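Chemist: One structure, pasted below without further comment.
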Amino acid sequence: MPASRVLLRSAQITRVLTRSAFTARKPDYTNPNWLRVGLAFGSTIALWVMLFNQHEHDVQEYKAHHGIK
């Protein structure tokens, strides 16, 4: 089988396996996925807590290094 024919065949297979925008389901904004919402907010809060803790540690280290009370 020539190379051009193989490429054409693979293009046809790829076209069959891809999703169409017309058949994809639209998200339902009236019924949110609360697990994903909770994970998003929870991870955001956890990152902010870690950031503030690291900042406090850095400030204490800076003060100790420079002899500031």
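Chemist: Using a/c under 1.5 as the rounded threshold, could you call the stretch 25-69 rounded, prolate or oblate? The axes a ≥ b ≥ c are square roots of the C-alpha gyration tensor eigenvalues, and prolate needs a/b larger than b/c, oblate otherwise.
Modeler: Prolate is the answer for the stretch 25-69, as a/c is 1.5 or above and a/b outweighs b/c.
Chemist: Also, quick follow-up: With labels modelled as points extended 7 Å from the Cα through the Cβ direction, what inter-label distance (nm, one decimal) is found for I45 paired with Y29?
Modeler: 2.5
Chemist: Given labels modelled 7 Å from the Cα in the Cβ direction, how far is it in nm from R36 to E56?
Modeler: Between R36 and E56, the simple spin-label model gives 3.4 nm.
Chemist: Ok, one more. With every protein chain kept in the model, how would you rank K69, K63, K26 by accessible area, 1.4 Å probe, largest at the top?
Modeler: The most accessible residue leads, giving K69, K26, K63.
The values are calculated or read from the model by the stated rules, or taken from the named source; none is laboratory data. A quick note: this is a predicted structure, and the numbers were derived from the prediction, not measured. As a convention, Cβ positions derive from the backbone with ideal geometry for all residues, glycine included, and neighbour counts pool all protein chains shown. Accessible surface areas use protein heavy atoms only, side chains included; no ligands, DNA or RNA. Shrake-Rupley method; radii C 1.70, N 1.55, O 1.52, S 1.80 Å.
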